[in-house]
Structure formats: C-alpha cells, structure tokens
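The structure appears below as structure tokens.
The values are calculated or read from the model by the stated rules, or taken from the named source; none is laboratory data. Please read these numbers as outputs of a predicted model, since none were measured by experiment. A quick note on method: Cβ atoms are made from the backbone with ideal geometry, for glycine too, and the neighbour counts reach across all protein chains shown. Heavy atoms of the whole protein, side chains included, go into the accessibility calculation; ligands, DNA and RNA do not. Shrake-Rupley method; radii C 1.70, N 1.55, O 1.52, S 1.80 Å.
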Amino acid sequence: QFPFGRRLPCDIYWHGVSFHDNDIFSGQVNKFPGMTEMVRKITLSRAVRTMQDLFPLEYNFYPRSWILPEEFPLFVAEVRMMKDSDPSWKPTFIVKPDGGCQGDGIYLIKDPSDIRLTGSIQSRPAVVQEYICKPLLVDKLKFDIRLYVLLKSLEPLEIYIAKDGLSRFCTEPYQEPTLKNLHQVFMHLTNYSLNIHSGNFIHSDSVNTGSKRTFSSILCRLSSRGADVKKLWSDIISLVIKTIIALTPELKVYYQSDIPAGKPGPTCFQILGFDILLMKNLKPMLLEVNANPSMRIEHEQELSPGVFENVPSPVDEEVKVAVIRDTLRLVDPHKKKRKDIHNCIVFCRDSLLRVVSVFCIIWGMKDKQHKHHSLKLSLKLKFYLKLGSCQTLEHVSEASEELLDAGRADRPEYEASRSPEAGLPSLCLKQVFPKYAKQFNYLRLVDRVAALFIRFLGVKGTTKLGPTGFRTFIRNCKLSNSNFSMASVDILYIDITRRWNSTGIDHKESGMCLQAFVEAFFCLAQKKYKSLPLHEQVASLIDFCEYHLAALDEKRLVCGRG
Ligand code: ADP
C-alpha cells in the first residue's frame with residue numbers, strides 16, 4: 001500500500017476501484033481502462049444488443065432490455081405488440097438504474113405505464129428488462145450465481161473461469177410475481193447486501209447450507225437429482241466467452257487511448273464478477289458483470305444491538321482466496337523471469353554441464369521405462385548441442401525441457417524443492433479462451449470492425465473518429481461510388497454521430513464513437529450486400545475493407561522501398 005504516493009516501479013499494481021493511474025509505464029495493472037464504463041447496465045445492454053442483432057440465437061442468454069428514457073416509446077410499442085400477438089403473455093419487468101449496484105433503486109412492474117418517469121428517470125437513466133419469472137429454486141428459494149472470471153489479456157484474448165463460485169440466496173420463499181408480491185425484495189432480489197438485513201438470513205460455517213453457499217455444492221445437489229451439470233458448465237463457459245466477446249471491441253478503443261501501442265505502458269488483467277441466474281430448465285441467464293467484485297472474506301456479525309464485529313466467512317474464503325492466489329500465479333512476473341533465465345541457461349553451450357547433472361538424475365531413476373526414455377532424450381540433446389547452430393539451439397531448449405520434465409515426473413520430491421509453486425493446490429482458474437477459440441472466433445466480427453475504427457482514429461489518445469477520419473476510411477476501403485457519393489458519406493456521418501452524441505453517454509470528446517461507427521458500418525454492409533443475413537453482410541464488408549487496406553499497405557511498402 002502506498003498511502004502517500006508510490007516511488008518505485010512495481011511488478012504488479014493492484015488498484016481498488018478502476019484504472020486511473022497515468023504514471024504507470026511498466027508492470028501489470030489489475031484493471032483495464034474503460035472496464036467500469038463498459039459493464040454499466042446501459043453500456044453492457046447496448047454491447048450485447050449489437051451482438052444480438054448479428055447473432056440472435058447465440059446471444060439469447062441476456063433478457064430482452066430497453067434503455068430508458070430514450071427507448072421508452074419503443075418499450076411501450078413492443079410490449080403492446082407482443083401482448084396483442086399473444087394475449088396469454090403476462091410479463092413482469094425489472095427496472096434497474098444505470099450505474100446502480102447492490103439492488104439500489106431496483107423495482108418490478110407489470111406494465112410499461114408503471115415506470116416512474118417523473119423526476120428521477122430523466123436525471124438517472126435506467127435499463128428495463130424482462131423479468132425471469134421461473135428461476136431454478138433450491139429449498140424453495142431463488143438464488144443467483146457469482147462466478148469469477150479472469151480477463152488475463154485483451155490482445156490476444158485470454159480468459160480463465162474459476163471452477164467454483166458463490167450462490168447467493170433470497171431469504172423469503174419464492175412465488176411468481178403478482179401485483180401483491182412485486183415489492184417483496186427478499187423474495188425477488190438475491191443481493192447479499194439486501195438479504196443480510198432480513199431476519200431470515202443464515203450465516204453458515206458450512207459451504208452447502210445457509211444464505212451463501214458454494215456453487216459446487218449446488219451442482220452436487222443438482223447432479224444427485226439427475227441434472228446434466230456438464231452441459232450446464234459448458235453453457236456457462238459459453239455465456240462468459242460470448243459476453244467478453246461483446247465487451248472487447250470497446251475495451252480495445254479505451255485501451256489504445258490510455259495505453260497507446262508503441263509507447264511504454266503497463267499490461268492489464270482484471271478479475272470480473274459474473275452474476276448469473278439459472279432458469280428452471282437450467283438455462284443460465286446473464287444478469288450483470290461486475291468490474292470490481294467484492295473480495296471480502298469476512299462478514300459483520302452483530303454481537304449486541306449496534307455492536308458489530310468482523311468474523312471470517314468460510315464460504316467466501318473457500319472461493320475468493322483461490323481466485324486471488326491463482327490470478328497472482330498466472331500473472332506472476334517472476335514466472336516469466338524464471339522461464340527466461342531457464343531458456344538462457346539452455347541456450348548457452350555450457351549447458352553440457354547441465355546434461356551431466358541430468359544424467360545423474362537419470363542414473364538414480366527408479367522406473368526402468370522412464371530411465372530408457374530419458375536416456376534417449378539426453379542423447380538427442382547432446383547431438384543438438386554438438387551441432388550448435390542457432391536453429392538447433394531451439395531444439396536444445398525443447399529437448400532439455402522434455403528431459404527435465406521426465407526427471408521431475410520420476411522424482412516428485414526433486415520438483416518440490418525446485419518450484420516455488422510446487423506446494424500450492426492445483427489451479428482453480430481454468431483457461432477457456434483461447435482453449436475454445438475455434439468454437440467462438442466466428443462471433444468476433446465487431447472486434448474486426450473496431451480494428452478498422454482504431455486504424456482511422458488518427459492521433460493516438462482519442463476514442464472518437466472525426467469527419468476526416470471517416471472520409472479516409474471510406475476512401476481507403478473504396479466504399480464510395482456513383483451510388484454513394486462523398487456527400488452522402490458526410491450526411492451518414494453527421495446523422496449517426498449526432499444521434500449517438502445526443503444520448504448523452506460521453507460529452508468529453510466530439511466525433512463518432514465506436515457504437516456509432518458500428519451502426520454506420522452495418523448500414524453500409526446492408527446497402528452493399530442486400531440479400532444476405534446481417535452477420536454475413538457485415539462479414540463480407542469487413543473482408544472487403546481488410547482486402548483493400550492490405551493492398552494499400554502493400555503498395556505503400558513497395559513505394560517506401562523504392
Ligand atoms: P445490482 O447491480 O443492483 O445488483 P442486478 O442486475 O444484479 O443489479 O439485479 C439485482 C438482482 O435482481 C439480481 O441479483 C437478481 O436477483 C434480480 N434480477 C435482476 N435482473 C433480473 C431479471 N431479468 N430477472 C429476474 N431477476 C432479476
């Protein structure tokens with residue numbers, strides 16, 4: 001902790017709330033610039049909606065949402081239309097103020113006319129969302145899941161999910177919403193911060209009882225009832241990856257603005273809290289993403305009226321300590337240093353000495369088959385060392401690693417004395433991306449649109465595109481023609497930019513924000529490739545732009561050489 005200011009550069013900076021320190025030029029920071037803004041209710045809803053427009057089926061894990069006040073007329077019209085087409089539909093909606101947390105300001109309504117439009121909504125925008133009326137119940141109670149996700153890197157995308165999470169319970173038995181029970185927060189809202197004030201809240205020392213339990217204890221219970229928990233996990237992993245894919249395009253814009261490429265700066269990672277609700281049919285639904293999830297492992301206990309004491313909370317400890325420990329293990333700067341030193345030793349010809357010592361290890365091996373395999377490996381290594389060329393040095397490194405691994409496998413106690421991690425439990429954070437990249441890469445279209453946007457931003461440090469940047473984009477990508485003149489390009493730019501800037505999200509800079517650019521891009525794609533589905537139109541236009549830009553780069557390179 002640096003209460004009076006930091007003096008020395010650090011390996012890892014652990015910020016309490018958000019990325020805000022402009023004086024960091026190296027190391028790693030535990031927050032991404034712009035993440036807090038990105039996971040606010042309105043921004044998250046917008047980002048997911050863009051993906052829903054492209055891939056409606058893949059993104060049906062987020063309840064239908066409208067942004068208030070601007071989409072209030074749309075909300076009224078759509079609900080009326082749905083009711084007309086299905087008179088048996090009796091929906092409930094949940095209204096959540098933007099930027100709110102811990103259930104603050106949330107209320108349920110049965111009809112759009114019940115929205116409290118007076119006063120506060122104008123000053124405090126909100127999201128109104130379809131309420132999930134049939135959640136999965138355990139012990140007759142509604143609960144949600146808090147899962148911890150490590151976004152280890154944005155470029156390349158690297159995501160880890162904690163194997164266990166928390167389940168937070170309501171404290172009144174659940175009933176489907178009726179006009180009579182709409183206001184009963186202990187029945188409908190699972191927030192810990194609310195339910196803790198209910199007389200029914202149960203603090204438990206066990207991880208599988210009480211008002212806060214581990215998610216694994218719920219999975220055990222579901223599995224004993226015959227539920228397909230493997231499928232549930234794979235649905236959850238897919239929900240997490242898809243959500244992060246929806247967030248990355250804008251995060252990249254923030255990132256290049258705060259940490260411009262080519263200039264010294266830190267790299268970032270961040271632990272996110274995903275709030276997920278399971279429906280009765282076990283379908284996971286995303287409620288929200290928390291950029292600054294609580295890592296408290298204690299809770300307050302009232303000893304006598306008005307006298308509180310902090311006591312350990314075993315459930316929180318079980319889940320959260322593992323998340324922090326593994327995050328530090330994964331971003332450990334010494335791990336990289338150790339690896340570099342190790343490679344250095346191997347690259348050096350003197351590593352023949354090492355070979356000798358490895359021979360000694362092999363000599364002492366107990367398992368015969370192991371011994372034989374290791375001897376073969378070591379001969380291969382000697383051969384490479386004799387050749388001694390640069391290329392073969394890489395083989396030396398690989399062969400030596402393999403050899404050392406063989407030695408460690410035979411003698412676990414040898415490994416324990418060498419690796420500082422050897423005594424730690426196995427990782428609770430499981431890599432899901434790039435591990436499952438092949439299944440999800442086709443969804444990353446907006447990421448590619450954002451790459452085009454960033455290319456034309458021009459002066460580094462901005463997040464909005466000026467009219468000249470937009471014109472250059474059109475020209476370089478060869479998008480204007482006799483049907484689409486440069487005058488129409490300017491009109492498109494002005495129309496869309498004005499509309500987005502009037503939504504009042506960000507007044508700091510003038511110009512076209514990424515979402516406005518995405519809208520313009522979709523518009524151009526629809527114009528150019530009329531009969532295809534939207535995602536194919538967009539993909540075709542991206543290919544077209546990337547092709548022309550690559551050709552331009554090639555031309556410039558040749559000219560430069562000339
Ligand atoms: P906050 O950030 O204020 O906690 P959330 O979006 O997490 O806001 O909502 C608070 C609680 O309301 C959730 O924990 C959940 O229990 C309930 N909730 C939120 N959205 C829905 C929904 N669409 N359907 C059913 N319950 C919901």
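For this structure, a couple of remarks:
- The range 118-228 shape via C-alpha gyration tensor axes, a/c threshold 1.5: oblate
- Solvent-accessible ranking of Ser257, Ser482, largest area first, probe 1.4 Å: Ser482, Ser257
- Residue-normalised accessible area of the range 25-124, given per residue in Å² at a 1.4 Å probe: 46
- Put simply, the amide H of Gly165, placed in the peptide plane, has neighbours under 5 Å in Phe215, Ser216, leaving out anything fewer than 5 places away on its chain.
- Listed pairs Lys242/Lys435; Lys152/Lys230; Lys90/Lys280; Lys263/Lys430 exceeding 23 Å between Cα atoms: Lys152/Lys230; Lys263/Lys430
- Cα lying deepest toward the dipole's positive end in the range 215-296, options Ile271, Phe215, Val253, charges on Cβ: Phe215
- Coarse-grained scattering of the range 443-560 at q = 0.10, 0.12, 0.13 Å⁻¹, given as base-10 log I(q)/I(0) from a Debye sum over alpha-carbon atoms: -0.30, -0.43, -0.51
- Per DSSP, loop chymotrypsin sites (Phe, Trp or Tyr not before Pro) in the range 84-119 with at most 16 further Cβ within 10 Å: Trp89
- If the segment from Lys528 to Lys83 were pulled out straight at 0.36 nm per residue, it would be longer than the present Cα-Cα gap by 156.6 nm.
- Only Lys, Arg (+1) and Asp, Glu (-1) charged, at Cβ; the range 443-560 dipole about Cα centre in debye: 180
- Inter-probe distance in nm under a simple model that places probes 7 Å from Cα toward Cβ, at Met295 and Thr503: 3.2
- Dipole moment magnitude, nearest 20 debye, the range 36-163 about Cα centre, only Lys, Arg, Asp, Glu C-beta charged: 420
- The order of the peptides 243-255, 311-323 by mean Cβ neighbours within 10 Å, most packed first, is 243-255, 311-323.
- Extension gain, Glu554 to Ile324, is 78.2 nm, computed as 0.36 nm per intervening residue step minus the present C-alpha separation.
- On full extension, the segment bounded by Leu424 and Phe308 gains 38.3 nm, given 0.36 nm per residue less the C-alpha separation.
- Counting lysine pairs in the range 443-560 whose alpha carbons fall under 23 angstrom apart, excluding pairs fewer than 8 residues apart on the same chain, gives 7.
- Figure note: Lys180, Lys142, Lys163, Lys263 ranked by solvent-accessible area, largest first, 1.4 Å probe, ligands and nucleic acids not counted: Lys180, Lys263, Lys163, Lys142.
- Taking a point 7 Å out from the Cα of Val138 in the direction of its Cβ, the residues of the range 272-286 whose backbone N falls within less than 17 Å of it are 274-285.
- Farthest toward positive dipole pole in the range 100-194 [+1 Lys/Arg, -1 Asp/Glu at C-beta], among His188, Gly165, Ser153: His188
- Projecting the Cα atoms of Ser488, Gly466, Cys477 onto the charge dipole of the range 466-506 (Cβ charges, centred on the Cα centre) puts Cys477 farthest toward the positive pole.
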